[in-house]
Amino acid sequence: MSKIKVSNLYKQYGDNHVLKGVDLEIQDNEVVVIIGPSGSGKSTLLRTLNRLEEPTSGSVVVHGEDIAKKDVNIDKVREQIGMVFQHFNLFNNLSVSDNIMLAPMELKNVSKEDASKLAKKLLKIVGLENKFDAPIQSLSGGQKQRVAIARALAMHPDIMLFDEPTSALDPEMVGDVLSVMKQLAKDGMTMVVVTHEMGFAKEVADRVLFVDKGKVLEEGTPDEIFNHPKDLRLQEFLSKVLDA
Amino acid sequence: MKRRNLTISAFITAICTLMIALGVFMAPSKANADTKTYQIGTDVTFPPFEFANNDNKYVGIDMDLLRAIAKNQDFKVNIKPLGFNGSVQATQSGQIDGMISGMNITPERKGTFDFSKPYYSSGVVMAVAPNSKIKSLNNLKGKTVAVKTGTAGADYANSIQKKYGFKVSTFDDSNNMYQDVMTGNSVACFEDNPVMMYAIKQGTKLKIVTKPANNGYYGFAVKKGQNKELLHKFNVGLDNLKKNGEYQKIVDKYLKANPNAGSSYADNHSFFGILKQNKSFLWNGFVQTLWLTIVSIFFATIFGMIFGLMGVLPSKFLQGVSTTVIYIFRGLPLMVLALFIYTGIPSLTGTKIPAFIAGVATLMFNEGAYIAAFVKGGIQSVDKGQMEAARSLGLPFGKSMRKIILPQGIKIIIPSFVNQFIITLKDTSILSVIGILELTQTGKIIIARNLEGFKVWTAIAIMYLLIITLLTWLSNWGKRRTKI
């Protein structure tokens, strides 16, 4: 069974049509990378998957439940979907460990002790075990993004959404974040990643989607997309990003 | 969804509670049944008719006469120094029963007041600085003269303004008007003859250059058609006092050669002498200002928090309510709001509102609207990504607000709060218009007696700075305690 099934999805802000009929299916353990020029609607598409953006029409079925419907308990659905943002969005009023411990303690009644153990374990995974008590403001961008990944993992999600996770980072920080993401993929996490890192897409993705002007114009394996692109706009896009 | 409704209903409950609490405060207190006590308004500074003596008791021709009549006719009076205009409005709105304030009986005023028999006859004179070249009305062309609002002097000046070609500058109390002439901003002032005579005898450096004109009669006034019994008692009592000679004694006490004959004090006009003489009076004003500030801040904070938070809830309706409340109360000048609540509402509903409650309500609405605006702005200025991140973890709206957004918002808001507290303190001075005896009003009254504007205002200014220091210290202490 597919984990996420998007059908005929439309999203518009006033006269601005951002998504114009998107169909998409994501299987268990699959890593899907979404690429496309800026303003193509790829971030909006990602954000409809946990309803941070409300679809104008169409359906978004997650774990068999259509979250486009108003009567869905969206908070329960979101507990199982981790999300990582371009600008990290770590809670500025909390320390590193409290950022990670907050949701499990508030939503799953995990004891402070167990939450603290969990935070330590996750910080080790992302390579920041010595930052347990650090204030958020003392971290570099790359460290912040790795804490953000640990925070999302603390709820034990079975889907992770990444919204341009390396776009706001200095070049030398990108590698650390990508390697954490690669490890996650290797461990079998279902991932949907919006990114400009074509190297990551080639290496890790099971499937690559090319989105432009609110539509999925082409999808396929990394080999198909990068080595044998059919769509004219995709060829044009690749020639720009790969030459650079 | 359910949770969201809970939050909203919690807010609505809180507002209702506040309204009810206010309602209880505003409920009229039960009147004493035995000897009837009347609330009588008067001017703050109109010697020799009304002024506070060194024991801060209201004395003067009007005051002594009113008390003598009350004794003669067996009723009690509670004197309220609301200022002349304040008394007019309070009488019209039914907040008080009547007023005695050196008030001329005019056909215009007869439209809205019922007057007693005239109890004093007066005329308007013009006074100038001692070395002035102004000798008569003919010298006034192109010059500015000072008058006090609502007085016979003002009416007289306005009636001859065109003929003699002068400009009129208007003041709210006599002392400021005299000062304006002494400093030379205005070349002359128009004042009732006995008032001017008394002021000069008290040391005001002006001289009278015209004969009394436009003779008028002073009357005791009640709202038209109301308090007939009180008016009747006043008339009968006045006749009695005139017959037994007490009336003449009272008038002589204030206008005959030595106006201070009756009192045994000697005025000490040094700075510390003034402080010492008015110690308890100033202290009361200080306490009243402090108390007014603290109570108002308390209610304004609750009010501001409720309407500020309402503005960030995910409900178009509540956001609209918040915006409207802020728009209205931030837009109204404080003085207009104070007069509206104190005199406007009672004249509509017939319920009296004690001045203190009206003052607190005024500040609650006005300062509260400012607080609501920066609470709302502070919360909105927290990065939108914080809420998205919290929601993406599955935290409901209310929890995200409490755990993530509010702690960050409050940090942004704190400096504005301290600032608003200081503004609230200063704004309490505006409440002197509804007769609350806070520091500013206290200062006006003391100056009306000793005419030492500079020294008294210096003392008052120091006391305001003291309270501000106290408040700042208190808020710093609070900040340390809460580790925000």
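For this structure, a couple of remarks:
- Candidate set: region B:391-445, residues that are over 30 Å from B:T343 (Cβ atoms) and in contact with a Gly (Cβ under 6 Å, 6 or more places away or on another chain); chosen: the one surrounded by the fewest Cβ atoms within 10 Å (Cβ to Cβ): B:I412
- Identity of the residue in region B:175-188, closer than 20 Å to B:F51 by Cα and not hydroxyl-bearing (S, T, Y), that ends up surrounded by the most Cβ atoms within 10 Å (Cβ to Cβ): B:M177
- Within this structure, A:H87 passes the test of being closer than 24 Å to A:S167 by Cβ, within 14 Å of another protein chain (Cβ to nearest Cβ) and surrounded by fewer than 21 Cβ atoms within 10 Å (Cβ to Cβ).
- Criterion (of a type in the set (G, A, S), within 12 Å of chain B (Cβ to nearest Cβ), out of contact with any strand residue (DSSP E or B) (no Cβ under 8 Å at 6 or more places or on another chain) and within 25 Å of A:F200 (Cα to Cα)) met by exactly one of A:A148, A:A154, A:A103: A:A154
- Any hit, region A:108-124, residues being within 11 Å of chain B (Cβ to nearest Cβ) and more than 17 Å from the chain's Cα centre (by Cα): yes
- The lone criterion from (1) over 27 Å from A:E218 (Cα atoms); (2) at pLDDT 95 or above left unmet by A:N93 is number (2).
- Residue count for region B:193-209, restricted to those that are in a loop (DSSP other than H, G, I, E, B), buried (at least 16 other Cβ atoms within 10 Å of the Cβ) and out of contact with any helix residue (DSSP H, G or I) (no Cβ under 7 Å at 6 or more places or on another chain): 2
- Among the residues of region A:67-76, those identified as more than 8 Å from chain B (Cβ to nearest Cβ) and either in contact (Cβ under 8 Å) with a residue 12 or more places away in the chain or surrounded by 15 or more Cβ atoms within 10 Å (Cβ to Cβ) (or both) are A:I67, A:A68, A:V72, A:I74.
- Set side by side, the residues A:D133, A:D114 differ, and just one is touching a residue at least 24 places away in the same chain (Cβ under 8 Å), of a type in the set (D, E, K, R) and surrounded by fewer than 21 Cβ atoms within 10 Å (Cβ to Cβ), which is A:D133.
- Selection from region B:58-76 of residues that are surrounded by fewer than 18 Cβ atoms within 10 Å (Cβ to Cβ) and touching a strand residue (DSSP E or B) at 6+ places or on another chain (Cβ under 9 Å): B:R67, B:F75, B:K76
- Answer residue from region B:61-109, given it is outside any strand (DSSP E or B) and without any contact (Cβ under 8 Å) to a residue 40 or more places away in the chain and is nearest to B:D43 (Cα to Cα) among those: B:M63
- The set of residues from region A:40-57 being under 14 Å from A:G214 (Cα atoms) and within 14 Å of chain B (Cβ to nearest Cβ) comprises A:S43, A:T44, A:L46, A:R47, A:T48.
- In this structure, A:V208 does satisfy being away from chain B (no Cβ under 14 Å), β-branched (V, I, T) and over 23 Å from A:F91 (Cβ atoms).
- Residue match in region A:4-27 (condition: under 18 Å from the mean Cα position of the chain (by Cα) and of a type in the set (G, A, S)): no
- Filter pass, B:S159 being under 25 Å from B:P107 (Cα atoms), exposed (fewer than 14 other Cβ atoms within 10 Å of the Cβ) and of a type in the set (S, T, N, Q): yes
- You will find that of B:V236, B:V251, B:V222, the residue that is aliphatic (A, V, I, L, M), at pLDDT below 90 and either in a loop (DSSP other than H, G, I, E, B) or within 25 Å of B:S87 (Cβ to Cβ) (or both) is B:V251 and no other.
- Region A:159-244 holds helices (runs of 4 or more DSSP H) entirely within its bounds, and those carrying 3 or more residues that are of a type in the set (G, A, S) map to A:171-186.
- Filter result for A:A119 (buried (at least 23 other Cβ atoms within 10 Å of the Cβ), modelled with pLDDT of 95 or more, small (G, A, S) and part of a helix (DSSP H, G or I)): yes
- Any hit, region A:140-147, residues being exposed (fewer than 14 other Cβ atoms within 10 Å of the Cβ) and free of Cβ contacts under 8 Å to residues at least 40 places away in the same chain: yes
- Check on B:L437, more than 14 Å from chain A (Cβ to nearest Cβ) and assigned to a helix (DSSP H, G or I): no
The values are calculated or read from the model by the stated rules, or taken from the named source; none is laboratory data. The model shown is predicted, which means the values in this text are computed figures rather than measured ones. Positions of Cβ are generated from backbone atoms using ideal geometry, with glycine treated the same way; all protein chains shown enter the neighbour counts.
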